[in-house]
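Right, one structure below, let's go through it.
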Amino acid sequence: MNAIEVNQIRKVYNQRDVALNGISFTIKTGESIVILGHNGSGKSTLFRTLTGFEEPTEGSVKLLGRGVDAGKRNHLRETRKKVGMVFQAFGLVDNVSVFQNVLFGALGQVKFAPATYSLFASDALRERAMECLDRVGLAHLSERRADRLSGGQKQRIAIARMLMQDPEIILADEPIASLDPKAGREVMELLKGIAEERNITLLMILHQLPIAKKYADRFIALKNGEVFADGDVTVIDENFETALFGNAGPEEASSDETSQHIEQEAKSS
Ligand SMILES: Nc1ncnc2c1ncn2[C@@H]1O[C@H](COP(=O)(O)OP(=O)(O)OP(=O)(O)O)[C@@H](O)[C@H]1O
Ligand SMILES: [Mg+2]
């Protein structure tokens with residue numbers, strides 16, 4: 001079955017800024033995909049249209065066999081329950097415990113929000129939260145306040161919270177952009193391991209090509225709101241990098257522009 005079907009999506013902001021310009025692709029259940037592309041190429045916009053947080057100007061999206069359509073609210077709510085999201089900024093509630101943050105992951109499964117408050121949560125829910133914490137290796141930190149964690153720990157807690165949803169799809173928008181290399185690797189190992197053991201479809205936005213090659217099977221590269229290339233990660237090499245990002249590469253692309261600008265200024269003065 002296809003987990004995601006994107007059909008000729010266009011997204012135009014303010015009737016003139018074209019963020020996505022006719023994107024199409026299909027992703028099979030259990031695939032691990034990395035979305036590549038320079039800043040502003042439309043990656044995050046694409047993620048938001050996948051979950052219906054952004055409505056495409058044209059085109060359609062199907063997730064888990066269902067249309068993603070703001071006109072069908074209940075429908076959309078059901079689909080979103082099956083999509084776990086991970087962000088660069090973690091998105092934890094700072095002033096409550098790790099355990100409480102993980103319990104919040106079950107918000108989509110209870111009738112009333114207080115059923116996820118640690119004071120009222122059922123034994124079954126509490127047990128599941130501890131299992132999710134255990135899976136990310138941080139059960140021993142369950143009572144710690146979320147703002148007293150390192151970045152790597154925060155992201156692992158965010159992953160535990162997402163596991164409470166029992167997701168069929170994981171969308172991770174630059175999950176390691178704020179982390180040092182070691183913490184970043186740990187988070188990538190977790191995401192990939194969890195996706196493999198549960199046959200979850202994993203879609204990640206990443207900027208580091210070596211990491212992309214190691215943890216994804218397939219890439220979809222965006223350039224100026226269009227699909228520039230779509231294929232097996234093994235084809236990613238220096239030529240590909242130059243074609244997609246220019247000579248500067250993904251990290252230096254923007255700063256290189258700045259340094260050229262500075263060089264020109266220096267010459268003209
Ligand atoms: N809410 C918005 N209103 C207007 N323009 C927007 C909005 N969101 C995004 N854009 C524009 O759409 C384009 C794509 O932005 P998007 O955030 O999807 O890029 P991205 O590939 O995720 O970039 P980055 O790597 O910097 O995160 C950009 O030109 C951006 O300025
Ligand atoms: Mg983005």
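The values are calculated or read from the model by the stated rules, or taken from the named source; none is laboratory data. Source: prediction; values computed, not measured. In this analysis, Cβ positions are derived from the backbone assuming ideal geometry, glycine residues included, and neighbour counts consider all displayed protein chains. What goes into the accessible areas is simple: the full protein's heavy atoms, side chains included, and nothing from ligands, DNA or RNA. Shrake-Rupley method; radii C 1.70, N 1.55, O 1.52, S 1.80 Å.
Any idea which of Leu103, Leu107 is on the phi < 0 side of the Ramachandran plot, in contact with a helix residue (DSSP H, G or I) (Cβ under 8 Å, 6 or more places away or on another chain), surrounded by 21 or more Cβ atoms within 10 Å (Cβ to Cβ) and among the aliphatic types (A, V, I, L, M)?
Values: Leu107 fails: surrounded by 21 or more Cβ atoms within 10 Å (Cβ to Cβ).
Unique residue meeting the criteria: Leu103.
For Gly65, only one of the following conditions fails: (1) open to solvent by 60 Å² or more (accessible area, probe 1.4 Å); (2) over 16 Å from the mean Cα position of the chain (by Cα). What is its number?
In the conditions (1) open to solvent by 60 Å² or more (accessible area, probe 1.4 Å); (2) over 16 Å from the mean Cα position of the chain (by Cα), Gly65 misses (1) alone.
Here are the criteria: (1) within 16 Å of ligand 2 (Cβ to nearest atom); (2) closer than 23 Å to Lys62 by Cβ. Tell me which single one Pro175 does not satisfy.
(2)
Residues of the range 29-74 being touching a residue at least 12 places away in the same chain (Cβ under 8 Å), near ligand 2 (Cβ under 10 Å from one of its atoms) and closer than 19 Å to Ile169 by Cα, which ones?
Passing the criteria: Ile35, Lys43, Ser44, Thr45, Leu46, Phe47.
Across the range 94-123, what is the total count of residues that are closer than 25 Å to Val187 by Cα and in a loop (DSSP other than H, G, I, E, B)? Steps first, please.
Step one: filter the range 94-123 for residues closer than 25 Å to Val187 by Cα, giving 94-108.
Next, from what is left, pick out any that are in a loop (DSSP other than H, G, I, E, B): 94-96.
Going through the range 94-123 one residue at a time, the tally reaches 3.
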